[in-house]
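Down below is the structure, laid out as structure tokens.
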Amino acid sequence: MNNTISVPLSEEKKSRWKFFLGELKPKGKMFTWFNVISIPIMLLGLGLIVIRFWKGIGSITNLTQEVPWGLWIGFDVVTGVAFAGGAYVVTFMVYILNMKSYRSIVRVTVLNGFLAYVFYAGALLLDLGRPWNVINPIIGNGFGTSSVLFLVAWHFLLYMLAELIEFSPAIAEWLGAKRACKILSGMTLAAVIFGITLSTLHQSGLGALYLMAKEKIHTLWYSEFIPILFFVSSIFAGLSMVIFEGSITHKVFSDQISEKNHEQHHKILRGLSKVCTGALFAYFFLQVLVFVHSKNWDYLSTPMGYWYLTEMLGFVLLPMLLFYYSYRNNNITLIKVASVITMLGVIVNRLNVTVIGFRWDAAVHYVPSWMEIVVTMAVIFTEIWIFRWVINRLPVLRESPSWAKNMH
Amino acid sequence: MGVTGATFVFGKEAPARPANEEVTEFKAILYDSTKCIGCQTCEFSCAEAHNLPEPEDFPEMGVVRKTDENRRTVVNSYDTSIGEVYVKRQCMHCNDPACGAACLTQAMHKTKEGPVIWREDKCMGCRYCMVSCPFDVPKFEYDSPNPKITKCNMCFERQEEGKLPACVENCPGEALLFGTRRELIAEARRRISENPDVYYDHIYGETEAGGTSFLYLSPVPFEEIGFNTGIQKASYPSLTKGFLYSVPAVFVLWPMMLLGIQDATKDKQPKTEDHE
């Protein structure tokens, strides 16, 4: 009896293994402009990472004793995670507010968010001097519970898990695991609620990391409200990324997207730009309140003050008005323009807090080395490669298999 | 043994304390820059005690030497309103240190004896302690594949053996004094009140950053000898308390609220929109 059952099972396993191996092979053309640019950079980045682990962090970075966190933290982690905020906002809209018209972008957004966490928070390992000890706060070789970083580290880990659960039905559908798909789909709402809670705390937590650097950050960017500002800005940072990524994926992977979803996408973009307008307004208003209360008027007429005004007017107020105008006038191109300006603004803001405004008065300024930039680009390109690999295989943009449709 | 040793060390200048109290009080060092002659003996003995290279430069007026991964203390010379004044710098050993609160593995640790120490087996090298320290004390070995965070540990290992910190023991000018923090503050006050012409009326470290275990006396205002006098009086970890206290509240209230909203918006959408 046992034999007769186990034989087909193992055969099924074998075929699944074969299927998996087959899926590993590249699909599509190899000589695209994206591949030609990204492959050399990824290889160069890999070489630099080897040097970094061989000779120490100082061998490829320009970090100093005064500026211990540079591009890898300020851009890869702090900015990258803000851009990954789209996942918690979109799942909030779809699963909590039951705005079902946004359902078609949930999977791709969650995938994007998950990969962003894996890669940009993963890039943190490159920046850790002693990465083999990274498990210490997890296994309790010192629970530094008074540390904001302790909270952020745990939240990164748990949130990756929550996003993996949110995304897992797509993996189950890909592998044809029907039972697993049903179970995993049933866990979605819990994962979403958990994920939104975690996101609220660690998006703001990334700002709270800098609270103790009170004297080191330029006063125009330091306030006790950094956590709230970081949280609110993660809403439009994430959604702008969703708009930006969506307009690219809809071009590159247009063959995978059903006619219906293509048509719906413009409606989705309009809806998102409406949310962005609101979030940007709330953020701008908060920034004005913080500024007025801090009584920093004198700083406005300094070079850093002009830079601050550029950020607030050019990268917050302007995209807010553009989003408002474009959703009122149904101008899809302008929505995309506004999302790009918003994203630039988020980069500017995060770098102002973490790099540009950090030790802004130091005699020797930290400027990232070309090697730090190459490694950062290599990380981003690798993420896009994985993203493309998944999109080409899993039902992310394309319709789920028919058997899975009545499951959710 | 340790207790009697410590009492003996301080001996002459301070009244003896009940033994049990001494154990729980923070140890501290008082540095009196009016007595410092800039001889660098502290630098040399520190290097010897921690197997670090000997210093090759010396205090020069107008040059600010900094501690780094290979030296944990430096003596600098400042041109002040009363002429040349020497100042020794090293970790301040805050009562409630920013580095300790920042450390997510408790590698940076405020011992109950007072010194702030770094523990190699716990540290992951994230350098958040360096970001947080208002005095820029922790240093990092950027050029090592197995880097350490380095800083003055008030010779914690020597203290455990009942010995004095190396710099205190070897200081020929008696500019350094070791004892409990309370005793040293009393001693510093006594010096100021007995010689008001010699001292500037302030003990740097008594209240700065919530109080430190390295205390300074100076003949001139502290901004003249390179100190940040604008530093906040409250401890630095207090800056993140508000955020950390909000965490449990969000953790409990958010899921409840989200579930409530989810329930309230359920089925309100007409079924026709959901084809799938």
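The values are calculated or read from the model by the stated rules, or taken from the named source; none is laboratory data. Predicted model, so just to flag it, every value in this text is computed and none were measured. All Cβ positions, glycine included, derive from the backbone under ideal geometry; neighbour counts span all protein chains shown.
Quick rundown of the values:
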quantity: Checking B:Gly211 against (1) at pLDDT 95 or above; (2) under 30 Å from B:Met61 (Cβ atoms), the condition it does not meet; calculated: (2)
quantity: Among the residues listed as A:Val396, A:Val364, A:Val316, the single one being part of a helix (DSSP H, G or I) and either on the phi < 0 side of the Ramachandran plot or buried (at least 18 other Cβ atoms within 10 Å of the Cβ) (or both); calculated: A:Val316
quantity: Enumeration of residues in the stretch B:120-156 that are more than 8 Å from chain A (Cβ to nearest Cβ), part of a loop (DSSP other than H, G, I, E, B) and within 16 Å of B:Ala98 (Cα to Cα); calculated: B:Cys133, B:Phe135, B:Val137, B:Pro138, B:Lys151, B:Cys152, B:Asn153
quantity: Those residues of the stretch B:103-155 which are in contact with an Asp or Glu (Cβ under 7 Å, 6 or more places away or on another chain) and under 16 Å from B:Tyr236 (Cβ atoms), in sequence order; calculated: B:Pro134, B:Asp136
quantity: Residue among A:Leu198, A:Leu239, A:Leu211 that alone is within 11 Å of chain B (Cβ to nearest Cβ), buried (at least 23 other Cβ atoms within 10 Å of the Cβ) and under 18 Å from the mean Cα position of the chain (by Cα); calculated: A:Leu198
quantity: Matching residues in the stretch B:81-91 - criterion: being surrounded by fewer than 24 Cβ atoms within 10 Å (Cβ to Cβ) and in a loop (DSSP other than H, G, I, E, B); calculated: B:Ser81, B:Ile82
quantity: Scope the stretch A:112-135; condition in a helix (DSSP H, G or I) and touching a Leu at 6+ places or on another chain (Cβ under 8 Å); matching residues; calculated: A:Phe114, A:Pro131
quantity: Among (1) in a helix (DSSP H, G or I); (2) at pLDDT 95 or above, the one test that B:Gly242 misses; calculated: (2)
quantity: Filter result (surrounded by fewer than 20 Cβ atoms within 10 Å (Cβ to Cβ), farther than 25 Å from A:Trp154 by Cα and either within 13 Å of chain A (Cβ to nearest Cβ) or touching a residue at least 60 places away in the same chain (Cβ under 8 Å) (or both)) within the stretch B:94-112; calculated: B:Asn95, B:Lys112
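Residue-by-condition table, conditions (1) over 21 Å from B:Ala209 (Cβ atoms); (2) of a type in the set (A, V, I, L, M):
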| position | (1), (2) |
| --- | --- |
| B:Ala47 | yes, yes |
| B:Pro53 | yes, no |
| B:Asn70 | yes, no |
| B:Cys94 | no, no |
| B:Ala107 | no, yes |
| B:Trp118 | no, no |
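Every residue, every condition in (1) part of a loop (DSSP other than H, G, I, E, B); (2) within 14 Å of chain A (Cβ to nearest Cβ); (3) within 29 Å of A:Tyr95 (Cβ to Cβ), yes or no:
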{"position": "B:Val168", "(1), (2), (3)": "no, no, no"}
{"position": "B:Glu183", "(1), (2), (3)": "no, no, no"}
{"position": "B:Ser193", "(1), (2), (3)": "no, no, no"}
{"position": "B:Pro196", "(1), (2), (3)": "yes, no, no"}
{"position": "B:Asp201", "(1), (2), (3)": "yes, no, no"}
{"position": "B:Val220", "(1), (2), (3)": "yes, no, no"}
{"position": "B:Val252", "(1), (2), (3)": "no, yes, yes"}
{"position": "B:Met256", "(1), (2), (3)": "no, yes, yes"}
